[in-house]
Amino acid sequence: MSLLEVDGLTRFYGGLRAVGDLSFTVGEGEILGLIGPNGAGKTTVFNLITGFVQPSAGTIRLDGKSVVGLRPHAVAARGIARTFQVVKPFPGLTVKENVTLAAFLRHPSRRDAEAAALEVLGRLGLGHRAGDLASQLTLMDQKRLEVARALATGPRLLLLDEPMGGLNPSEVDVASRLVDQIRKGGVTVVLVEHVMKAIMRISDRVVVVSQGEKIAEGPPAQVVKEPAVLAAYFGKRAAP
Amino acid sequence: MTRRLAPWVAGVVALAALPAIVPNSFYLHVAIMILMWTLLGSAWNLLGGFAGQVSFGHAALFGIGAYVTMILFLKAGLAPWWGIPLGGLAAALVSLPIGLVCFRLRGPYFSLATLAVAEIVKLVALNWETVTNGSVGFLITTFPPVRFFGLAVDWESKLPFYALAALLALGGLAATAWLQTSRLGAYLIAIRENEEAAEAVGIDTVRAKVLTFALSAFLAGLGGGFYAAYFRYVDPDAVLNINLSMEMVFIAMVGGLGTVAGPLVGAVFLTTVGESVRERFQVGHLIFYGLFMMLAIRYMPEGIWGRARRLLAALRARVLGHVAA
């Protein structure tokens with residue numbers, strides 16, 4: 001059975017359909033890339049799965065159990081963590097405090113939560129910045145902090161929203177290895193990403209979304225050759 | 001542990017010694033006002049300073065505490081030492097529906113909603129005459145005789161009220177100190193820093209805010225109950241006035257948002273500044289009060305206590321640095 005099953009997911013904003021009848025599944029231990037042109041509705045899909053936005057129709061199941069209608073904190077408690085495209089650290093707190101707050105979800109005692117936070121920070125290579133204010137980090141490190149905080153909630157499924165946006169090529173390599181390492185740690189990953197090189201390299205499978213609908217699905221190398229995908233990205237004349 | 005307890009012990013000793021030192025009952029009155037405002041500033045600070053939810057409606061909770069204490073005493077014969085905590089509980093209960101409605105709004109919209117709620121409560125008090133006596137209000141003429149450790153309590157003296165106010169103020173400060181070390185306190189700071197991120201990492205932000213609002217309301221209600229017993233007079237203009245809400249905001253801000261001692265420092269400064277300019281300038285004393293507020297906020301945005309704490313930390317680091325070198 002799949003870890004995440006999304007079926008017929010639909011969301012309207014007034015008359016505008018942001019996501020329409022979208023269905024896909026994510027298997028345990030998989031890395032799924034969610035790609036598509038700007039405005040395709042990828043971030044909305046993340047907001048729907050994590051309870052920040054409620055679907056107009058459709059079902060979302062984690063391990064067979066529906067998470068529709070839950071508030072974001074309850075979705076996190078079920079085991080789905082996310083990062084934000086525009087990083088949202090707790091700027092006035094230290095890196096360690098940022099992650100400890102997330103670790104409280106699985107570790108009620110402060111001492112355990114702090115230990116768990118330091119462990120995650122060490123794993124992500126942020127251990128040496130634990131005492132610094134989150135607002136003092138570089139963008140790359142803030143993105144790492146975002147991932148560390150999500151991981152500290154002890155998720156089974158991690159949704160990464162453009163973790164590589166704004167990073168330089170060598171940083172993208174580091175981030176790609178990080179995503180792979182997260183999967184090896186037993187966490188299933190769905191990532192929205194525009195950096196095609198990274199998507200091609202790390203995802204097992206990609207789902208292509210355009211105007212809120214799924215237009216293609218499959219292994220990355222195969223999907224990028226499909227005419228519908230080329231049309232969505234480059235316009236109809238570019239497609240053979 | 002001893003370092004953390006030391007300021008509390010010093011505070012209790014100072015509070016116990018104060019009545020013997022002050023020259024006359026006016027100063028004792030000022031001390032009582034400082035203690036009452038410490039409690040009220042602490043109440044507001046829990047929600048405004050830690051969770052970043054700026055309420056302009058705490059007068060409603062203060063007023064509910066005052067009315068409940070007063071009505072229980074005059075109509076049910078319940079003495080104020082029962083009435084004051086019940087007033088606090090009533091305010092906490094009323095805060096639940098207010099919180100559930102107002103916390104749907106964020107930032108300035110939340111603040112305006114609390115302002116509106118406070119006005120609604122005031123209008124209810126003005127018009128629900130069978131319960132509240134409308135604009136006439138209530139007046140206590142005599143207190144029941146009480147013996148405390150065999151001694152008759154003299155209600156005409158300010159001493160019993162001073163003791164009560166000291167106890168309440170310590171309670172407010174202790175509640176803040178507890179919150180600061182608790183998980184709830186950490187959640188509130190997360191909410192203040194970024195509410196969406198707080199939800200995303202599994203913090204039930206609505207629950208945290210509603211709980212804190214109830215605690216804050218309880219303390220504000222205690223303050224109101226104390227006010228009713230001390231001044232023996234309650235009417236909508238006195239206990240449901242928007243000035244009360246503003247004063248709580250100012251005390252927490254001038255003292256230092258999100259700190260334990262901030263409301264105490266703010267209450268000391270604002271009460272003494274208020275009382276001393278009132279003495280000298282019969283007309284227009286509020287101008288000086290306002291000026292002081294503006295200067296404090298302009299030059300010490302982190303509050304007097306916030307600034308002092310930072311200076312102390314810098315000094316300590318420098319001294320220790322010298323010792324190490």
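Those helices (runs of 4 or more DSSP H) of segment B:201-279 in which at least 2 residues are closer than 30 Å to A:Ala150 by Cα, considering only elements entirely within it, cover B:205-231. Taking the criterion of being more than 19 Å from A:Leu121 (Cβ to Cβ) and touching a Leu at 6+ places or on another chain (Cβ under 9 Å), the residues of segment A:140-166 that qualify are A:Arg156, A:Leu157, A:Leu159, A:Asp161, A:Glu162, A:Met164, A:Gly166. Applying the selection to segment B:63-83, what residues are crowded, with 16+ Cβ neighbours inside 10 Å, among the hydrophobic types (A, V, I, L, M, F, W, C) and either outside any helix (DSSP H, G or I) or in contact (Cβ under 8 Å) with a residue 60 or more places away in the chain (or both)? Scanning segment B:63-83 gives B:Ile64, B:Ala66, B:Val68, B:Met70, B:Ile71, B:Phe73, B:Leu74, B:Leu78. Here A:Met140 fulfils each of the conditions (1) within 30 Å of A:Lys197 (Cα to Cα); (2) out of contact with any Asp or Glu (no Cβ under 6 Å at 6 or more places or on another chain); (3) in a helix (DSSP H, G or I) apart from (2). Taken as a whole, segment B:135-148 holds no residue that is within 14 Å of chain A (Cβ to nearest Cβ), outside any helix (DSSP H, G or I) and either surrounded by fewer than 24 Cβ atoms within 10 Å (Cβ to Cβ) or not hydroxyl-bearing (Ser, Thr, Tyr) (or both).
Is it fair to say B:Val94 is under 19 Å from the mean Cα position of the chain (by Cα) and outside any helix (DSSP H, G or I)? Taking the combined requirement at face value, the residue does not satisfy it. Restricting A:Leu159, A:Leu191 to residues that are in a strand (DSSP E or B), within 14 Å of another protein chain (Cβ to nearest Cβ) and either at pLDDT below 95 or within 20 Å of the chain's Cα centre (by Cα) (or both) narrows the list to A:Leu159. When residues in segment B:201-251 are screened for being closer than 22 Å to B:Ala166 by Cβ, among the hydroxyl-bearing types (Ser, Thr, Tyr) and surrounded by fewer than 24 Cβ atoms within 10 Å (Cβ to Cβ), 1 of them pass. Scanning segment B:150-184 for residues that are within 14 Å of another protein chain (Cβ to nearest Cβ) and over 21 Å from B:Gly88 (Cα atoms) returns B:Gln180, B:Thr181, B:Ser182, B:Arg183.
Here A:Glu97 clears all of (1) assigned to a loop (DSSP other than H, G, I, E, B); (2) facing chain B (nearest Cβ under 10 Å) except the condition numbered (1).
Filtered by the rule that a residue be of a type in the set (S, T, N, Q) and either out of contact with any helix residue (DSSP H, G or I) (no Cβ under 8 Å at 6 or more places or on another chain) or within 18 Å of B:Met248 (Cβ to Cβ) (or both), segment B:52-99 gives B:Gln53, B:Ser55, B:Ser95. If you go through segment A:105-142 and keep only what is over 21 Å from the mean Cα position of the chain (by Cα), among the hydrophobic types (A, V, I, L, M, F, W, C) and facing chain B (nearest Cβ under 9 Å), you end up with just A:Ala113.
The values are calculated or read from the model by the stated rules, or taken from the named source; none is laboratory data. A quick note: this is a predicted structure, and the numbers were derived from the prediction, not measured. FYI the Cβ positions are ideal-geometry reconstructions off the backbone, even for glycines, and counts take in every protein chain you see.
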